[in-house]
1. Taking the conditions exactly as written (open to solvent by 50 Å² or more (accessible area, probe 1.4 Å), in contact with a His (Cβ under 8 Å, 6 or more places away or on another chain) and touching a residue at least 12 places away in the same chain (Cβ under 8 Å)), does His9 satisfy them or not?
2. So Gly76 passes all but one of these: (1) open to solvent by less than 30 Å² (accessible area, probe 1.4 Å); (2) at pLDDT below 95; (3) on the phi < 0 side of the Ramachandran plot. Which condition number does it fail?
3. Which ones in segment 60-88 are touching a Leu at 6+ places or on another chain (Cβ under 7 Å), in contact (Cβ under 8 Å) with a residue 60 or more places away in the chain and under 27 Å from Val137 (Cβ atoms)?
4. Considering segment 19-59 alone, what residues qualify as being closer than 25 Å to Val127 by Cβ and open to solvent by 70 Å² or more (accessible area, probe 1.4 Å)?
5. Determine if segment 164-180 includes at least one residue that is over 23 Å from Phe60 (Cβ atoms) and more than 12 Å from the chain's Cα centre (by Cα).
6. Suppose the filter is at pLDDT 90 or above and either closer than 26 Å to Gly80 by Cα or in contact with a Pro (Cβ under 7 Å, 6 or more places away or on another chain) (or both); does Leu44 pass it?
7. Against the condition within 19 Å of Val55 (Cβ to Cβ), open to solvent by less than 40 Å² (accessible area, probe 1.4 Å), touching a helix residue (DSSP H, G or I) at 6+ places or on another chain (Cβ under 9 Å) and of a type in the set (A, V, I, L, M), how does Ile66 come out, does it pass?
8. Pairs needed: first member in segment 13-35, within 18 Å of Gly77 (Cα to Cα); second member anywhere, among the acidic types (Asp, Glu) and surrounded by fewer than 15 Cβ atoms within 10 Å (Cβ to Cβ); C-beta distance under 9 Å; at least 6 residues apart or different chains.
Amino acid sequence: MKRLLSIAHSPDSDDAFMFYALATGKVTDPGLEFRHCLKDIETLNREAQQGLWDVTAISFHAYPSIADRYALMACGGSLGDGYGPLVVSQKAMSPEQLKGKRIAVPGTLTTAYLTLRLFEPAFEPVVVPFDQILEVVEQGGADAGLLIHEGQLTFRRHGCHLVVDLGRWWKERFDLPLPLGGNA
């Protein structure tokens, strides 16, 4: 009898690349059956706190809250070396103008959120699934948006302006890669 192994990851391109061989049956194991679940990273972070999945993608910021249930895997990590989350807005603004603003974020357990809090502690988070942040900013539901994944490449098509590149800020400030996420 095969053991069912549940694997949860986000639908973004780096996770799709990491899990492609398992998801398409190109890698098999006679003793294992794989069940995949695709969810946004904040949902995965929250579900990891409940120990819901055998293997799950997580934000490194979430790891301390799940370390009693999961161990970090040696494969599948994401680091940004001068690259990372972006804060964008519909109206051009300086990074200093983020103070006190409503900012759409992909979740409060994401590394992107923690990095933004380190950059500017005084803002009001508006939690939105990562793939809806640009829409919320466009419609005025937030003054700015914290982008991860593909939104980092497409924000200009939505008429948004770059306020701060947190990956670049992190590199300039600490001269280290920004640890973003991994598998647990």
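The values are calculated or read from the model by the stated rules, or taken from the named source; none is laboratory data. From a predicted model like this one, the values you see are computed outputs, not experimental measurements. Note that we place each Cβ from the backbone using ideal geometry, even for glycine, and neighbour counts take in every protein chain shown. Keep in mind that these areas ignore ligands, DNA and RNA; they rest on the heavy atoms of the full protein, side chains included. Shrake-Rupley method; radii C 1.70, N 1.55, O 1.52, S 1.80 Å.
1. Numbers: open to solvent by 50 Å² or more (accessible area, probe 1.4 Å): no; in contact with a His (Cβ under 8 Å, 6 or more places away or on another chain): yes; touching a residue at least 12 places away in the same chain (Cβ under 8 Å): yes.
In short, no.
2. Unmet condition: (3).
3. If the condition is that a residue be touching a Leu at 6+ places or on another chain (Cβ under 7 Å), in contact (Cβ under 8 Å) with a residue 60 or more places away in the chain and under 27 Å from Val137 (Cβ atoms), then Phe60, Ser78, Leu79, Gly80, Gly84, Pro85, Leu86, Val87, Val88 are the ones that fit.
4. Result: Leu38, Arg46, Gln50, Leu52.
5. Step one: of segment 164-180, the residues over 23 Å from Phe60 (Cβ atoms) are none.
Taking every residue of segment 164-180 in turn, none turns out to be over 23 Å from Phe60 (Cβ atoms) and more than 12 Å from the chain's Cα centre (by Cα).
6. Details: at pLDDT 90 or above: yes; either closer than 26 Å to Gly80 by Cα or in contact with a Pro (Cβ under 7 Å, 6 or more places away or on another chain) (or both): yes.
Judged against the criteria, Leu44 is a match.
7. Working: within 19 Å of Val55 (Cβ to Cβ): yes; open to solvent by less than 40 Å² (accessible area, probe 1.4 Å): yes; touching a helix residue (DSSP H, G or I) at 6+ places or on another chain (Cβ under 9 Å): yes; of a type in the set (A, V, I, L, M): yes.
Yes; evaluated as a whole, the condition is true for this residue.
8. Close Cβ pairs satisfying both conditions: Ser13/Glu150.
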